[in-house]
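The values are calculated or read from the model by the stated rules, or taken from the named source; none is laboratory data. Owing to the predicted nature of the structure, the values given are computational and were not obtained by experimental measurement. No Cβ is skipped: glycine too gets one built from the backbone with ideal geometry, and neighbour counts run over all protein chains shown.
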Amino acid sequence: MDRRTWMQLTAAGLLSTMSSTLLAENSAKDVPPLMMQAMDANGRKLALSDFLGKTLLVSFFTAGCNLCSRDLKLMREFYVSNMKRNFVLLGVNIDQNKADFDQYNQFISLAIPADQRFPLVWRNAPGHNDNFGLITRQPTHFVINAKNEFIFKREGSFQPEDWDNLWTSLG
């Protein structure tokens, strides 16, 4: 076997292994039903079960993350365009300091029209409970279908194929 053929086979095998690993990590059958009990930024109780019958995009972010801001801007546009298609965007702030969350909410209330705002919660609030696990990258997004079944997870910025998968999940 020549060097070029060996490199092609090795690369193909590596890509296949990586794809299998990513699919296994994001496999819906391996994820228990996701849940969340929280208070939104306005002090109202919120649970994932409130959104049954809707496709849900749950986005974990911090107020000072530029990549998060870019993703949330695009997601807000998608949200506004698809609210009537039973789509909900839920922002989960993971800042350690509540003042950062409050300042972000103040900015949103001044800069974004009320009909374009989506629910926001602070993950570190007393009484907040969810089973989304440890969030190690900002942003991290989860898509959940109308039956509250996990569809996929994206760590980092949403990719073009993620938008396609989200659109498809709307039915």
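Brief remarks follow.
- The listed residues are 120, 90, 110, and the only one of them that is in the same structural domain as residue 67 (by TED's automatic domain parsing), touching a Ser or Thr at 6+ places or on another chain (Cβ under 8 Å) and closer than 17 Å to residue 69 by Cβ turns out to be 90.
- Summed over segment 51-74, residues that are in contact (Cβ under 8 Å) with a residue 24 or more places away in the chain and under 16 Å from residue 108 (Cβ atoms) total 11.
- Filtered by the rule that a residue be of a type in the set (A, V, I, L, M) and closer than 17 Å to residue 34 by Cβ, segment 123-171 gives 134, 135, 143, 144, 146, 151, 166.
- Failed item, numbered, when residue 135 is tested on (1) without any contact (Cβ under 8 Å) to a residue 40 or more places away in the chain; (2) in a loop (DSSP other than H, G, I, E, B); (3) aliphatic (A, V, I, L, M); (4) surrounded by 13 or more Cβ atoms within 10 Å (Cβ to Cβ): (1)
- With respect to the stated conditions, residue 113 is out of contact with any Phe, Trp or Tyr (no Cβ under 6 Å at 6 or more places or on another chain) and more than 21 Å from residue 49 (Cα to Cα).
- Yes/no for residue 55 being more than 16 Å from residue 120 (Cα to Cα) and either at pLDDT 95 or above or in contact with an Asp or Glu (Cβ under 7 Å, 6 or more places away or on another chain) (or both): yes
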